[in-house]
Amino acid sequence: MRSWSRGFLGVLCLAFLLKIEGVKFHRSEHTERISGSAGDVLEDNPVGRLKVFVYELPSKYNKKILQKDQRCLNHMFAAEIFMHRFLLSSAVRTFNPEEADWFYTPVYCTCDLTPNGLPLPFKSPRMMRSAIQLISSSWPYWNRTEGADHFFIVPHDFGACFHYQEEKAIERGILPLLQRATLVQTFGQRNHVCLKDGSITIPPYAPPQKMQSHLIPPDTPRSIFVYFRGLFYDVNNDPEGGYYARGARAAVWENFKNNPLFDISTEHPTTYYEDMQRAIFCLCPLGWAPWSPRLVEAVIFGCIPVIIADDIVLPFADAIPWEDIGVFVAEKDVPNLDTILTCIQPEEILRKQRLLANPSMKQAMLFPTPAQSGDAFHQILNGLARKLPHDKSTYMKPGEKFLNWTAGPVGDLKPW
């Protein structure tokens, strides 16, 4: 009876939504400016507000790794590569370390892929330790602050915890040598050991040119109500079920696999990007980690992201008004997803779509080549600039030490 009544209520709400005179859910070109401080911050120009010194490391830490596997340029962790390339020619780069506000160490710690293209994080801690040992012995700037004025790009599933399974990532914790550094990472979850205070949460990499090539006419109706493509169960890594996505994806499938309002499947069609542009809502549930490229894709294609990941910290949350453009659904409320979505008023849907159509919103989620004003590169720099000037506690007093170079799992202490 409960499921019947919920379904009936959903049909009524949807019927009401579709009867509203003049409401047509197209890929509208009408936009709405992001109001208040968020919109102003999103359009900030970081040039002139900070200077970054880029360490010149041996190519074994970056370029040679990429030469071995060009797939690293297209996977969702590729921000570490493109941020390096961007900074090399950026107006914020300084060749004089004495005038630098920030120091950047270009280490491609996710470019170690399995045959199916998944990153292996097991060498990453040793690689990162090796790079830090090198800069601390070759330049005086690390030792001056023990890394407090340094930033690192760590786009692994759980950032600098360097593991793709949450339980093991929590057990490992953040690499001890990075405890004082600013971490720029895709992983974000409140009150989690793998997200330290002061980190900058960024979007995962999604290929801008590829998405651009799949754009469809803006007057195409949004005829799909809810859209999702991806795993519901991970039988290889979670054969008993319930651990993967904390059961949220399984709940989506079990409750809505036969619901005509939900276009959901494990199949990934060639029309995936086009389908997202025909959808009103796109599900963005957690997987092994809270984040995924679907969030970027939804924003780019104007599909309202339905974020199912409790306590998630979203990219550039101090600049992007996620509460206004998305729908947040608690993991425990997934069985009520149909009712929640069908009862959102059409005026609210249209407002979210207008905000999503704002070019600055889309630009902030991308790492384009060449870089463009307001893109994700510039949002990272804006985040670093907002941390300036450095507090006095940034700098070490004579004889003062915070970091323990021998802390961490024994395997991480082996040479790389």
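The values are calculated or read from the model by the stated rules, or taken from the named source; none is laboratory data. Here the structure is a predicted model, which means the values were calculated and not measured. Here the Cβ positions follow ideal geometry from the backbone for every residue, glycine too, while neighbour counts run over all protein chains shown. Remember, those area values only see protein heavy atoms, side chains included, never the ligands or the DNA or RNA. Shrake-Rupley method; radii C 1.70, N 1.55, O 1.52, S 1.80 Å.
Here the range 208-365 has an Rg and Dmax of 15.1, 45 Å, counting Cα atoms alone. A Cβ-based charge dipole, computed about the Cα centre of the range 282-416 with Lys and Arg at +1 and Asp and Glu at -1, lands at about 600 debye.
Model label points for residue 213 and residue 267, set 7 angstrom from Cα along the Cα-to-Cβ axis, are 2.3 nm apart.
Overall, the range 208-365 carries a charge dipole of about 420 debye about its Cα centre when +1 sits on the Cβ of Lys and Arg and -1 on the Cβ of Asp and Glu, all other atoms neutral.
Computed with a 1.4 Å probe over protein heavy atoms only, the accessible surface of the chain comes to 45 Å² per residue. Legend: helices of the chain (whole DSSP H runs) are marked when their alpha-carbon atoms reach 18 angstrom or more along the helix axis and their mean Kyte-Doolittle hydropathy is at least -1.0; marked are 2-19, 124-138. Which of these, 234, 311, 391, has the largest mean-square fluctuation under a Gaussian network model of the chain (Cα springs below 10 Å)? The residue with the greatest mean-square fluctuation here is 391. Of all DSSP-defined beta bridges confined to the chain, some 10% are antiparallel rather than parallel. For the listed residue pairs 196/387; 63/123; 362/387; 210/387; 60/168, the alpha carbons are over 22 angstrom apart in 362/387; 210/387; 60/168. Secondary-structure-derived ellipticity at 222 nm for the chain, considering helices only, amounts to -8500 deg cm²/dmol, per-run term -39500 (n - 2.57) for DSSP H runs with n ≥ 4. Computed from label points 7 Å out along Cα-Cβ, the spacing between residue 56 and residue 400 is 3.2 nm. Computed in the context of the full set of protein chains, the accessible area of the chain at 1.4 Å probe radius has 54% of its extent on carbon or sulfur. In the range 208-365, taking the dipole from charged Cβ atoms about the Cα centre, the farthest positive-side position among 286, 235, 322 is held by 322. The Cα-based radius of gyration of the chain, divided by its Kirkwood radius, gives an Rg/Rh of 0.99. Note on the range 39-161: Rg/Rh from C-alpha atoms, Kirkwood Rh, equals 0.98. The magnitude of the dipole of the chain, with charges of +1 and -1 set on the Cβ of Lys/Arg and Asp/Glu and taken from the Cα centre, is near 780 debye.
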